[in-house]
Amino acid sequence: MKRLVEEKENQGFVQCHEDKEIKVDIAYREDAAEYETFRQASYDLQDKINDSLLSTGIGYTEGITINESGATIYFFVVDEDLGIVAIQKILLEQKLLNESSVSLLQEDGNYISANTYQSKD
């Protein structure tokens, strides 16, 4: 087991507890005729980010909420810095980075923007 853990860490996996949550808010136009298209696009985005997080062992999707005002996708990540980078990379590829906000849940129950988040390094 120890050798397997070392091998996975060498591949870029991170070993720690699942105690951090990243929240991704995705805004969209409120055109009711396009709601179903937006709904499917939100699920597709959730899948893309989830695949990225799972493939590296960084985290996974916790859930999604979609309504007339937008979509919110919730993720659990084991490393805030790696999680932010992975999520923002997918948002950039999907041309949604400027229309989205990434926020981190803090110990006090409040969220802070990833834009103001200070890396632990």
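The values are calculated or read from the model by the stated rules, or taken from the named source; none is laboratory data. Nothing here was measured: the structure is a model prediction, and the numbers come from that model. To get the accessible areas, we keep the full protein, side chains included, count just its heavy atoms, and leave off ligands, DNA and RNA. Shrake-Rupley method; radii C 1.70, N 1.55, O 1.52, S 1.80 Å.
In square angstrom, what is the accessible area per residue of segment 50-121 with a 1.4 angstrom probe?
On the way: 4170 Å² over 72 residues.
In whole numbers, segment 50-121 has 58 Å² accessible per residue.
If amide H atoms are built 1.01 Å from N in the plane of the peptide, which residues on other chains or at least 5 residues away come under 5 Å of the amide H of residue 114?
When sequence neighbours closer than 5 places are left aside, the close amide H contacts are 102, 103, 104.
For residue 62, list long-range residues whose amide hydrogen, built 1.01 Å from N in the peptide plane, is under 5 Å from its own amide hydrogen.
Excluding prolines and chain starts, which carry no amide H, the hits are 74, 75, 76.
With respect to the cross-link table entries 2/89; 2/48; 8/89, which display a Cα-Cα separation exceeding 24 Å?
Numbers: 2/89 31 Å; 2/48 31 Å; 8/89 22 Å.
Among 2/89; 2/48; 8/89, the Cα-Cα distance tops 24 Å for 2/89; 2/48.
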